[in-house]
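Below you'll find the structure, written out as structure tokens, and then a few comments.
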Amino acid sequence: MKQIQAIRSASALTVALVLGLLAGCERPPVDTVQRGYRGTGMEQVYNPRLLAEQAAANEAPAPLEAASPDGPKAGQVYQNVKVLGHLSVGEFNRTMAAMTAWVAPKQGCVHCHNVQNFADDSLYPKLVARRMLTMTQTINTDWQRHVGKTGVTCYTCHRGEPVPKEVWFQPLMPKSANGLAGERAGQNAPAPSVGLAALPNDPFTAFLLDGENIRVAGTEALPSGNRQSIKQAEWTYGLMMHMSKSLGVNCTQCHNTRSLGSWENSSPPRVTAWHGIRMTRALNLEFLVPLTQTFPANRLGPMGDVAKVNCATCHQGAHKPLYGAEMAKFHPELMMKSPSLMAPPAAASDPAVVSSEDLNLLRGLTSEPAKTAAPG
């Protein structure tokens, strides 16, 4: 009898151990959010484990105490203030302290300034920071169809680092003997830019810089309605993979899987993404590419180009940057363009000024869709 009881106890212990081991192998349950009508496959799946890992990186810092708008203006007290001279001295110093904490908390003021002469423009990070400041104001005023009233600050991209974690350069073009060896177009060389797929690993140059047409899906059932090649579709799919990974979502965030190209069956975030693509392209053309000569050679990419932005630069794995934290509202100076931006453009020799050709190109690339038609 004792032997039977011992066997039963051992068996129960074995079962408990097995169940314990199996329970340890189970991942936490995932959350599913319905995005569209049932039966269309429009669901978003969120993994609590992955969200917990991202939480710390998407936590917004506490705002600094507001400063008084009274007193002399920064442009009257300090020399060579070209953007925020209309702020009071208190407001100006508060903005500088915030920018230091957002961009260079380890380096401090010396990251941009010559502490012997703060008016000196000899350090290139100061020239870049000045241009990025105007870029932030432009995003918050001209691109509200993408960023809404939430807006952005320097911290949205930098997260306490002088160089944002997510930027991109054009990849080094492979050498070939007069093209006889063929051109892979970046395919079959898995890269994080396209979710480690075998797709063309540089969809950014075509769509976020050159303004190539992203749409590849035809509007008719027969081939006559679609003249895009399979290769072109692979480039487009590469950009979609990047957007999906950058926002931590799948295709159904924007698209109805029943008809991916149909605007009538898409969800509202697709319109937001449409404006986001054009915003990103405009920022690269208007603000970043013109800074190429400002950066030293060791800060340029293998093709000699400047670091540029894409969806991941702001989102960094979250469907909304910083999970929608409203940092910009505590800095009204970033939510409006400075009076100095309304002045006539600087001389053409200024590396931060866009050429007339680029401006004409930019105007064509960022035109908004007609209100009577769905954006294409």
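The values are calculated or read from the model by the stated rules, or taken from the named source; none is laboratory data. Treat the numbers as computed from the prediction; the structure is a model and nothing was measured. For neighbour counting, all protein chains shown are included, and Cβ atoms are generated from backbone atoms with ideal geometry for every residue, glycine included. SASA here: full protein model, heavy atoms, side chains in, ligands and nucleic acids out. Shrake-Rupley method; radii C 1.70, N 1.55, O 1.52, S 1.80 Å.
Of the solvent-accessible surface of segment 33-133, computed with a 1.4 Å probe over protein heavy atoms with every protein chain present, carbon and sulfur atoms account for 57 percent. Each of Thr292 and Asn47 was given a label point 7 Å from its Cα along the Cα-to-Cβ line. The distance between the two points is 3.9 nm. Between Asn188 and Lys337, what FRET efficiency comes out of the Förster formula 1/(1 + (r/R0)^6) with R0 = 56 Å and r the beta carbon distance, rounded to 0.05? With R0 = 56 Å, the Cβ-Cβ based efficiency is 0.75. Relative to its residue count, segment 109-158 spans a Cα convex hull of 79 Å³ per residue. Normalised by residue number, the volume inside the convex hull of the Cα atoms of segment 74-137 is 81 Å³ per residue. The length gained by stretching the chain between Asp70 and Thr14 to full extension, at 0.36 nm per residue less their Cα-Cα distance, is 12.6 nm. Surface calculation, 1.4 Å probe, protein heavy atoms: Tyr237 sits at approximately 120 Å² accessible. One decimal place: the segment Thr141-Val33 gains 35.7 nm when fully extended, by the rule 0.36 nm per residue minus the C-alpha distance. Extension gain, Ala62-Tyr124: 0.36 nm per intervening residue step, less the Cα-Cα distance, totals 19.4 nm. Between segment 256-327 and segment 44-101, what is the C-alpha centre distance in whole Å? When both Cα centres are located, 22 Å separates them.
Pairs to check: Lys106/Lys337; Lys106/Lys149; Lys73/Lys329; Lys126/Lys329; Lys73/Lys337. Give those whose C-alpha atoms are more than 26 Å from each other in this structure. Over 26 Å Cα-Cα: Lys106/Lys337; Lys106/Lys149.
Considering every alpha-carbon pair of segment 39-99, the percent of pairs per 10 Å bin, from zero through the bin containing the longest distance, is 18, 28, 15, 15, 16, 7, 1.
On the principal axes of its alpha-carbon atoms, segment 233-332 has extents of 49, 41, 21 Å, going from largest to smallest. Computed over the Cα atoms of segment 186-268, the ratio of the radius of gyration to the Kirkwood radius (Rg/Rh) comes to 0.97.
Largest accessible area first, the listed residues Lys82, Lys149 line up as Lys149, Lys82 when surface is computed with a 1.4 Å probe on the assembled protein chains. For segment 82-219, the share of alpha carbon pairs falling in successive 5 Å distance bins from zero is 2, 7, 11, 15, 16, 12, 11, 9, 7, 5, 3, 1, 0 percent. Once both labels are positioned 7 Å from their Cα atoms along Cα-to-Cβ, the gap between Glu326 and Ala198 label points is 4.9 nm.
In the complete set of protein chains, residue-level accessible area for His275 is approximately 10 Å², probe 1.4 angstrom. In this entry, segment 226-290 is assigned a mean projected area of 5.6 nm², taken as a quarter of its C-alpha convex hull surface.
Percent of C-alpha pairs per 5 Å bin in segment 36-156, short distances first: 2, 9, 13, 17, 18, 14, 8, 5, 4, 4, 3, 2, 1, 0.
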